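A short worksheet on the structure shown next.
FYI, it's all coordinate maths here, none of it is from the lab. Since we're looking at a predicted model, the values are computed, not measured. Here the Cβ is made from the backbone with ideal geometry for all residues, glycine too, and neighbour counts use every protein chain on show.
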Amino acid sequence: MTQAIRPIRPLVAGNWKMNGLKADLAEALRVRDAVSAPGADLGADVLICPPVTLLQALAEAASGSKLLVGAQDCAAAASGPHTGDLSAEMLRDAGAVATIVGHSERRAAHGELDRVVRRKAEAAYRAGLAAIVCVGETSGERQSGLTLEIVGRQLSASLPDVATAANTIVAYEPIWAIGTGLTPTPADVAEVHSAMREVLVKRFGAEGARMRLLYGGSVKPDNAAEIGSIVDVDGALVGGASLKSNDFLAIIATYKN
Ligand code: PEP
């Protein structure tokens, strides 16, 4: 279950959600400085997805460093009468290199179905952004033994046919593990990730074999190494623990070259 040699460069992505004022940029700048320091043993790419109000400022501050900056969602349309929405092109223009789509909080609070998530991923590609496509089961679905079926179905319906290892990252985020301090057992994570890999290889061939599969849901400094060592876990999507630079850097530090 442990990966000896990593075939895929991992990604540690921080999702700040609806947290962060200008003063909190200092936390992200500490991450930027630490990951960009000469001699830093950075065994993963590092991305922070702040709220959109901070995106441009952070992207400018991170320019030329090893810190990547992303968004948390995008609209499917490129422009037009969509009050309050932001297109992938706008996010790219503000400095994002990637965007999360289909986070369970958006699926639940905004009624985003798989087909909407798929259109958002296509919008991300159109603008030159990588899409971090989130999937994951509820606790009821897990208890009913439906996890692999639900995740497989979400994966198939949320990913566009033109997904590649370069433009797509998949994040398995069990909904019951997000922000709760609960995590699946390593064996459970391994089972889901290996099933996702199978689905991706079947549909996308070599691209599916190389696509990064992140685990997300209560990743903390004290469980990051164990989770990151599971085969087919190619990094982490981190919510709460990405808000404090010390915690986020401790998670990043578990990925060594
Ligand atoms: C998330 O919402 O993407 C997430 C993983 O949150 P947390 O790490 O706080 O569980």
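Rounded to the nearest 5, what % of DSSP beta bridges with both residues in the chain are antiparallel?
Numbers: 1 of 31 bridges.
Bridges in the chain are about 5 percent antiparallel.
Assign unit charges at the C-beta atoms only (+1 for Lys and Arg, -1 for Asp and Glu), then state the dipole size of the chain relative to its Cα centre in Debye, rounded to the nearest 20.
Here the chain has a charge dipole of around 320 debye.
Which of the three applies to the range 130-257, rounded, prolate or oblate, going by the alpha-carbon gyration tensor with a ≥ b ≥ c and a/c under 1.5 meaning rounded? Working shown, then result.
Working: a/c = 1.83, a/b = 1.27, b/c = 1.44.
In terms of gyration-tensor shape, oblate.
First measure r as the distance between the Cβ atoms of residue 77 and residue 157, then evaluate 1/(1 + (r/R0)^6) with R0 = 30 Å and state the FRET efficiency to the nearest 0.05.
0.90
Exposure proxy check: 196, 90, 18 ranked by fewest other beta carbons within 10 Å?
Working: 196 22, 90 18, 18 8.
If I rank by nearby Cβ atoms, fewest first, I get 18, 90, 196.
Which one of 47, 62, 75 is farthest out on the positive end of the charge dipole of the range 38-132, using unit charges on Cβ (Lys, Arg +1; Asp, Glu -1) and the Cα centre as origin?
75
Provide the net charge surrounding residue 70, with neighbours chosen by a C-beta distance below 15 Å and charges set as Lys +1, Arg +1, Asp -1, Glu -1.
+2
Toward the positive end of the charge dipole of the range 11-252, about the Cα centre and with charges on Cβ (Lys, Arg +1; Asp, Glu -1), which of 140, 242, 23 goes farthest?
Among 140, 242, 23, the one farthest towards the positive end of the dipole of the range 11-252 is 23.
Any aspartates and glutamates with Cα under 12 Å of the residue 244 Cα? List them, leaving off those in the same chain fewer than 8 positions away.
Output for residue 244: 24, 27.
Sort 212, 119 by Cβ crowding within 10 Å, fewest neighbours at the top. Could you put the intermediate results ahead of the total?
Details: 212 22, 119 19.
Arranged by neighbour count, lowest to highest, 212, 119 become 119, 212.
Where is the GNM fluctuation largest for the chain (alpha-carbon springs, 10 angstrom cutoff): 81, 50, 160?
81
Once the Cβ-Cβ distance between residue 198 and residue 256 is put in as r, and R0 is 41 Å, what FRET efficiency do you end up with, to the nearest 0.05?
Efficiency, rounded to the nearest 0.05: 0.90.
Rank-order 180-190, 146-156 by packing density, defined as the average count of other C-beta atoms within 10 Å over each peptide's residues, highest first.
Put in order of decreasing packing, that is 146-156, 180-190.
What does the C-alpha gyration tensor say about the overall shape of the chain? Classify as rounded when a/c is under 1.5, otherwise prolate if a/b is larger than b/c, or oblate.
rounded
Of 17/220; 22/220; 66/256; 220/256; 202/256; 17/256, which pairs sit farther than 19 Å apart, going by alpha carbon to alpha carbon?
Working: 17/220 16 Å; 22/220 24 Å; 66/256 15 Å; 220/256 17 Å; 202/256 30 Å; 17/256 27 Å.
Checking Cα-Cα distances, 22/220; 202/256; 17/256 exceed 19 Å.
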